[in-house]
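Just below is one structure, and these are the notes that go with it.
The values are calculated or read from the model by the stated rules, or taken from the named source; none is laboratory data. Here the structure is a predicted model, which means the values were calculated and not measured. Here the Cβ is made from the backbone with ideal geometry for all residues, glycine too, and neighbour counts use every protein chain on show.
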Amino acid sequence: MTKRLRAALIVAGACTTAACDEKLSEFAGPTPNLTPTFSSIYQEILVSENPAGRQACIRCHVPGRGAFNQVNMNFSTPDAAYAGLVGVRSVLKPGTLRVAPGDPANSFLIQKLDGRELVGVRMPQNADPLTAGQIQIIARWIQRGAPRD
């Protein structure tokens, strides 16, 4: 599958599936409360482990930990996480924004979560990846412009 086609499928899936909020709990898999909002993504993905055993992103992405030291990514507070993600150039792939509002296919966060065009390792490192549904919900938030909601 070409990179462009795969990116289009991610965006299409995010726009159609995640837009139907009454079915999100089924679509979100091990994080049934996940919605395409920053506050939900922060709580359900960045700072919480899930029942399936996925580690919270905050285990590595805080001051003093390896991921923070390598790429200056701080998820210790919602404000720090948002400021470090949205509209910020990737350290590992400088020509790409970590989160490009309105453009999930070209957001480094989505690329790191789904494993395409990988620079470094797929996230979360040394753990089970997020489900396709979780990634599509995050992509839907980005497609909506990545608001601080």
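Assorted remarks:
- Some residue of region 93-105 being in contact (Cβ under 8 Å) with a residue 60 or more places away in the chain and over 16 Å from Asn72 (Cα atoms): yes
- Of the helices (runs of 4 or more DSSP H) lying entirely inside region 28-146, the ones with 3 or more residues being crowded, with 16+ Cβ neighbours inside 10 Å and at pLDDT 90 or above are found at 38-41, 78-85, 108-114, 132-143.
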